[in-house]
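See below for the structure under consideration.
Every read-out reported here was derived from the displayed coordinates using simple, explicitly stated rules and does not represent laboratory data. Just so it is clear, the structure is predicted and the values come from calculations on it, not from any experiment. No Cβ is skipped: glycine too gets one built from the backbone with ideal geometry, and neighbour counts run over all protein chains shown.
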Amino acid sequence: MSVMKFQKTGKLAIQIVAILAVLVSSVVWVGTSKATPGSGATAELLASGNLPEPIRVKFKDGSKVDIHVTRILTYRITIAPGGVTGWHQHGGPHSILVVSGTLTYYKGDDPTCTGVNYSAGSAILDSGFDTHFVKNNGSEPVVTYVTQWLPENGIFRIDVPAPGNCPF
């Protein structure tokens, strides 16, 4: 009798796990379907390194970012004419150096959705965790070098839904 009880309990447990898996995957799918992935943009990891000990990075720009960095990455990001990054965030502070072209940078918390143009030779320092969108409105590719400072388990890019302040 106890073997039959175990078999019934085991089948019930498998059914519950299967139902939970379907529910979780549908929530994940719905959440990611609202994200705004880019197009015409490519990222190439140039270098990645782990620090021997975490270092504290704190910004005094009102962002309240105060993290312990364990990893530093550098990417070359190229955005074709008309290309966009999509709305996204980063899991830590980053600097952007514009090497060629002119990029237009939109902030998710700007109610006017006014893009700021950065041409070759410009630099942007972002404390991280801010929603933003980058577009190439020009006729030549935009090339940038992005250096990211990440905490343990931090990720370079987090796709997010459009914040609703821009028509795109």
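Given just the C-alpha atoms of the stretch 39-159, how large is their convex hull per residue in cubic angstrom?
Numbers: hull volume 12.0 nm³, N = 121.
Each residue corresponds to 99 Å³ of Cα convex hull volume.
Counting other beta carbons within 10 Å of each residue's own, what order do LEU97, LEU51 fall into, fewest first?
Working: LEU97 16, LEU51 12.
In order of increasing Cβ crowding within 10 Å: LEU51, LEU97.
Calculate, in nm to one decimal, what ASP110 and TYR145 gain on full extension: separation in residues at 0.36 nm each, minus their alpha carbon distance. Write down the numbers at each step before the final one.
Values: separation 35, 0.36 × 35 = 12.60 nm, distance 2.45 nm.
Length gained, ASP110 through TYR145: 10.1 nm.
Got a sec? Which residues in the stretch 81-123 would a label at SER39 touch, if it sits 7 Å along Cα→Cβ and we count backbone N under 14 Å?
81-87
Quote the FRET efficiency, to the nearest 0.05, computed for GLU53 versus ALA162 with a Förster distance R0 of 35 Å and r equal to the Cβ-Cβ distance. Walk me through the numbers on the way to the answer.
On the way: r = 39 Å, r/R0 = 1.11.
The computed FRET efficiency comes out at 0.35.
By how many nm would the segment from ILE72 to ASN117 grow when fully extended, if each residue of separation counts as 0.36 nm and the alpha-carbon distance is taken off?
13.6 nm is the gain from fully extending ILE72 to ASN117.
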